[in-house]
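For reference, the structure is listed below as structure tokens.
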Amino acid sequence: MARFVTVAKADSIQPGQMVKVEIDNLPVAVANVGGTFHAFDDTCTHEDCSLAEGELARTVVTCPCHFAEFDIRTGAVLAPPATVPLKVYPVRVEGNDLQVEF
Ligand code: FES
């Protein structure tokens, strides 16, 4: 059953920054876009690269390996070679706790 898991302090992730966290041993990326947080699977759906090590341009993440692009709000693929959308997760901030529903 889904529950909210505290993954970081909200003020530790600056606008424009992405970090990789682990929830139940699954790598999840959390991004701060102008004060709004988004969480999504850290592993690119193309191969096995960490998206948190890629580039973030507003709500678009570019994979560092072969440059697939995803919309981190929806998980939609915006540029190949990836074809499978990313899984995204609801995020909330409780006090200064950044929580991901997982
Ligand atoms: S592993 Fe991400 S584009 Fe290939």
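The values are calculated or read from the model by the stated rules, or taken from the named source; none is laboratory data. Since this is a predicted model, take the numbers as computed values, not measurements. Every residue, glycine among them, receives a Cβ derived from its backbone with ideal geometry; neighbour counts consider all protein chains shown. Keep in mind that these areas ignore ligands, DNA and RNA; they rest on the heavy atoms of the full protein, side chains included. Shrake-Rupley method; radii C 1.70, N 1.55, O 1.52, S 1.80 Å.
Quick check for you: which residues of segment 37-66 have the amide N under 15 Å from the point 7 Å beyond the Cα of Phe4 toward its beta carbon?
It comes to 37-39, nothing else.
Mind telling me which of Asp71, Asp42, Asp11 comes out most flexible in a GNM of the chain, alpha-carbon contacts under 10 Å?
Asp11
Can you tell me the length gained on complete extension of the stretch Leu26 to Thr74, counting 0.36 nm per residue apart and subtracting the Cα distance? Please report the intermediate quantities before stating the final value.
Working: separation 48, 0.36 × 48 = 17.28 nm, distance 1.90 nm.
Result: 15.4 nm gained on full extension.
Give the ranking of Met1, Met18 by solvent-accessible surface, highest area first, calculated with a 1.4 Å probe.
Details: Met1 220, Met18 30 Å².
From most exposed to least exposed: Met1, Met18.
Report Thr36's accessible area, 1.4 Å probe, all protein chains in place, as a number in Å² to the nearest 10.
Rounded to the nearest 10, that gives 70 Å².
So what is the relative contact order for the chain, in percent, with contacts set as C-alpha pairs under 8 Å and at least six apart?
Relative contact order for the chain comes out at 28 percent.
Just to confirm, what accessible area per residue do you get for the chain at 1.4 Å probe, in whole Å²?
Values: 5410 Å² over 102 residues.
Computed with neighbouring chains in place, this is 53 Å² per residue.
So, with a 1.4 angstrom probe, what is the percent of accessible area on the chain that is carbon and sulfur?
Values: 2720 of 5410 Å².
Roughly 50 percent, rounded to a whole number.
For the chain, modelled as a Gaussian network with Cα springs under 10 Å, which listed residue fluctuates most, Thr74, Thr62, Thr43?
Maximum fluctuation in the GNM of the chain, among the listed residues, is at Thr74.
Probe 1.4 Å, all protein chains in place: accessible area of Asp24 in Å², nearest 10?
Its accessible surface works out to 100 Å², give or take rounding.
Looking at the square roots a ≥ b ≥ c of the eigenvalues of the Cα gyration tensor of segment 1-69, which shape do they give, rounded for a/c under 1.5, prolate if a/b is larger than b/c, or oblate?
Values: a/c = 2.14, a/b = 1.18, b/c = 1.82.
Cα axes put segment 1-69 in the oblate bin.
With all protein chains present and a 1.4 Å probe, how do Phe70, Phe37 order by accessible area, largest first? Before the final figure, lay out each step's value.
Values: Phe70 0, Phe37 35 Å².
Putting Phe70, Phe37 in descending order of accessible area: Phe37, Phe70.
Could you go through segment 50-66 in sequence order and give the Karplus-derived ³J(HN,Hα) for each residue, using 6.51 cos²θ - 1.76 cosθ + 1.60 with θ = phi - 60°, rounded to whole Hz, and x for Gly and Pro?
7, 5, 5, 8, x, 10, 10, 10, 6, 9, 10, 9, 10, 5, x, 8, 10
Using a Gaussian network model on the chain with a 10 Å cutoff between Cα atoms, which of Leu26, Leu56, Leu78 fluctuates the most?
Result for the chain, Cα springs under 10 Å: Leu26 fluctuates most.
Not counting ligands, DNA or RNA, and with a 1.4 Å probe, what is His38's accessible surface area in Å² rounded to the nearest 10?
30
Quick one: 3J(HN,Hα) in Hz for segment 85-99, Karplus 6.51/-1.76/1.60 with θ = phi - 60°, rounded, Gly and Pro as x.
Along segment 85-99, the couplings run x, 7, 7, 10, 10, x, 10, 9, 10, 10, x, 10, 8, 8, 10 Hz.
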